[in-house]
Amino acid sequence: MYTQAMDIPEGNKAPLQSIEQGTASADFDARCAQGDFIEAKDWMPEQYRKTLVRQISQHAHSEIVGMLPEGNWVTRAPSLKRKAILLAKIQDEGGHGLYLYAAAETLGTSRDEMIEALHSGRAKYSSIFNYPTPTWADIGVIGWLVDGAAIMNQVPLCRCSYGPYARAMIRICREESFHQRQGFDLLHAMMQGTEAQRAMVQEAVNRWWWPVLMMFGPEDKDSQHSEQSAKWGIKRLSNDELRQKFVDAIVEQARVLGVTLPDPDLKWNAEHGHHDFGAINWQEFWNVVNGHGPLNKERLAARVQAWDDGAWVREAALAHANKQATRSVAA
Amino acid sequence: MSTRNEWPLWEVFIRSRAGLDHKHCGSVHAPDGALALQAARDVYTRRQEGVSIWVVRADQIIASDPGQKAELFDPMEDKVYRHPTFYQLPDDVNHI
Ligand SMILES: [Fe+2]
Ligand SMILES: [Fe+2]
């Protein structure tokens, strides 16, 4: 998902605990088990804090980097209406990044540290944003499938044990539904169009389907962190559960839209009450996560350039504020 | 990139419509109050979520200590006589 790199082993084991910490941590676990919310200034185990900083900042980075593939089409949207919609959607994603950075900061990290981690390549963001958007149909597919997958993951996070994160997720989920619906609406309009437009939609769906399924992260049997995160109420549903829910929901939507999902093994399994689907190419997933996707370098370079190009604005605004403050003291 | 140059943090409070209290909704970084208001408007009211915004420097807020939660708030638990429902009045006047 937007935090799929949470499943990559980090190497550092939890440190040994003192007896007092042990009691506090048992109290803490009990609070999580009861469904209590933890707030910023409450005592929390160091590992809980670290896991959340990592998860929330990865999530924030994904929202921010996620603006780039869509930004590619702002100047070429086919109508003023579609351009206004796309701009609003991208602006929302920027907002999501900001809500989440602010939530992470309540845990004691700083905005600059997080941005530095992203720009140096230490921090991850969702693999999905390393794929290109060569056609207008890609913009629809991102809304329908990429935002659709994000919603699957984000809805359960609204009940996450960490209050500031849960509140940010509630705000985000309220806005996401517009994202998925505008994507479907865009594709639906194209499907009512010419043969070439329909082909363009199908071609985009073919390219995005498998990378979107990879957004949910490695299969449960291969995934780290999950058990502790589930106990702490940071992650409520497993990668495989979320992926299955997503596939089940999308099959019907694809039918209404009139596109074929590019998986010959996709079929209803009456016994399980779910759709079976084909094997995911995990080699491709790890390649992209490890920096070798189609556009990893371009995406990061665009982020770094935007940050560097804005440096003079940040500095000038701060210098101005400092000057005003000095003047008002003198007056 | 140095942390010393990071813009200060502001807490954002929004009145969602006339007649209601301002309510905390998040935070923004900004160099000064005017730009904090502008950022808060852009980040938190894209769908008319508010009619008024307050921004307060985060480092200016004095907060109670969560460790003192029991000592501060638990003493009120047994003061049920502070609630109107504590009093059972004669039926004819029990609506007051
Ligand atoms: Fe988002
Ligand atoms: Fe979105």
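Taken together, the values in this text are just the output of simple stated rules run on the coordinates, not laboratory data. Every value quoted in this text rests on a predicted model; they were computed, and no experiment measured them. Note that we place each Cβ from the backbone using ideal geometry, even for glycine, and neighbour counts take in every protein chain shown.
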Inset, instruction - Could you tell me how many degrees, from 0 to 90 and to the nearest 10, lie between the Cα long axis of helix B:33-44 and the main elongation axis, the longest principal axis, of the Cα atoms of chain B? - result: 70 degrees
Inset, instruction - Tabulate in residue order the Karplus-calculated ³J(HN,Hα) for the range A:166-181, using 6.51 cos²θ - 1.76 cosθ + 1.60 with θ = phi - 60°, rounded to whole Hz; enter x for Gly and Pro. - result: 4, 5, 4, 5, 4, 4, 5, 4, 4, 8, 5, 4, 4, 4, 5, 5
Legend entry - Virtual spin-label span in nm between A:Q34 and A:A270, 7 Å along Cα→Cβ: 4.9 nm
Inset, instruction - Using just the helices of the protein assembly as shown, give the 222 nm mean residue ellipticity in deg cm²/dmol: DSSP H runs with n ≥ 4 each add -39,500 (n - 2.57), and the total is spread over all residues, rounded to 500. - result: -17000 deg cm²/dmol
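If you place +1 on the Cβ of every Lys and Arg, -1 on the Cβ of every Asp and Glu, and leave all else neutral, what size is the dipole of the range A:151-272 about its Cα centre, to the nearest 20 Debye? Mind dumping the intermediate values first?
Numbers: 15 positive and 16 negative charges, 121 e Å.
The dipole magnitude comes to about 580 debye.
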Inset, instruction - Kindly write out, for the range A:86-99 in residue order, the coupling ³J(HN,Hα) from the Karplus curve 6.51 cos²θ - 1.76 cosθ + 1.60 (θ = phi - 60°), rounded to whole Hz, with x marking Gly and Pro. - result: 5, 4, 5, 5, 5, 4, 4, 4, x, x, 4, x, 5, 4
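What FRET efficiency comes out for the pair A:N290/A:E219, r = Cβ-Cβ distance, R0 = 22 Å, nearest 0.05? Walk me through the intermediate numbers first.
Numbers: r = 18 Å, r/R0 = 0.80.
It comes out at approximately 0.80.
Provide a whole-number value for the mean count of partner chain Cβ atoms within 10 Å of the Cβ atoms in peptide B:62-69. Could you put the intermediate results ahead of the total?
On the way: counts 0, 2, 1, 1, 6, 3, 0, 1.
Neighbouring Cβ atoms belonging to other protein chains average 2 per residue here.
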Inset, instruction - Have a look at A:L118, B:A63, B:P90 and report the one farthest towards the positive end of the charge dipole of the protein assembly as shown, computed about the Cα centre with Cβ charges (Lys/Arg +1, Asp/Glu -1). - result: A:L118
Inset, instruction - Evaluate peptide B:28-35: per residue, the Cβ atoms of other protein chains within 10 Å of its Cβ; return the mean as an integer. - result: 5
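Note down the magnitude of the dipole of the range A:126-212 about its Cα centre, charges +1 on Lys and Arg C-beta and -1 on Asp and Glu C-beta and zero elsewhere, to the nearest 20 debye.
Working: 7 positive and 7 negative charges, 80 e Å.
With Lys and Arg at +1 and Asp and Glu at -1, about 380 debye.
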Inset, instruction - Using packing as a proxy for protection, rank B:72-79, A:38-45 so that the peptide with the highest average count of other Cβ atoms within 10 Å comes first. - result: A:38-45, B:72-79
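For the range A:52-210, what class follows from the C-alpha gyration tensor (a ≥ b ≥ c being the square roots of its eigenvalues): rounded when a/c is under 1.5, otherwise prolate if a/b is larger than b/c, else oblate?
On the way: a/c = 2.24, a/b = 1.90, b/c = 1.18.
Here the range A:52-210 falls in the prolate category.
Of the cross-linked pairs A:K124/B:K69; A:K124/A:K323; A:K50/A:K323; B:K23/B:K69; A:K231/B:K69; A:K41/B:K79, which ones have a Cα-Cα span greater than 31 Å in the structure shown?
Numbers: A:K124/B:K69 37 Å; A:K124/A:K323 38 Å; A:K50/A:K323 38 Å; B:K23/B:K69 21 Å; A:K231/B:K69 25 Å; A:K41/B:K79 28 Å.
Checking Cα-Cα distances, A:K124/B:K69; A:K124/A:K323; A:K50/A:K323 exceed 31 Å.
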Legend entry - Peptide A:93-103 - average C-beta neighbours from other chains (10 Å radius): 3
Inset, instruction - Would you list, by chain and number, the lysines whose Cα falls below 16 Å from the Cα of A:K89, excluding same-chain residues fewer than 8 positions away? - result: A:K81
Inset, instruction - Provide the three semi-axes, in whole Å and in decreasing order, of the ellipsoid equivalent to the protein assembly as shown as defined by the square roots of 5 times the Cα gyration tensor eigenvalues. - result: 39, 29, 25
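When only C-alpha pairs under 8 Å and at least 6 residues apart count, what is the relative contact order of the range A:61-140, in percent? Display every interim value, and only then the final one.
Numbers: 50 pairs, mean separation 36.9, N = 80.
Rounded, it is 46 percent for the range A:61-140.
Can you tell me which of B:84-93, A:295-304, A:170-179 comes out highest on packing, and rank the rest after it, using the mean Cβ neighbours within 10 Å? Write out the running numbers ahead of the final one.
Numbers: B:84-93: 7.6, A:295-304: 16.3, A:170-179: 17.9.
For the peptides B:84-93, A:295-304, A:170-179, the packing ranking is A:170-179, A:295-304, B:84-93.
For Cα pairs less than 8 Å apart in space and 6+ apart in sequence, what is the mean separation divided by the residue count of chain A, i.e. the relative contact order in percent? Please report the intermediate quantities before stating the final value.
Details: 377 pairs, mean separation 73.8, N = 331.
Dividing the mean separation by the residue count of chain A yields 22 percent.
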Legend entry - For A:H274, distant residues with modelled amide H under 5 Å away: A:N269
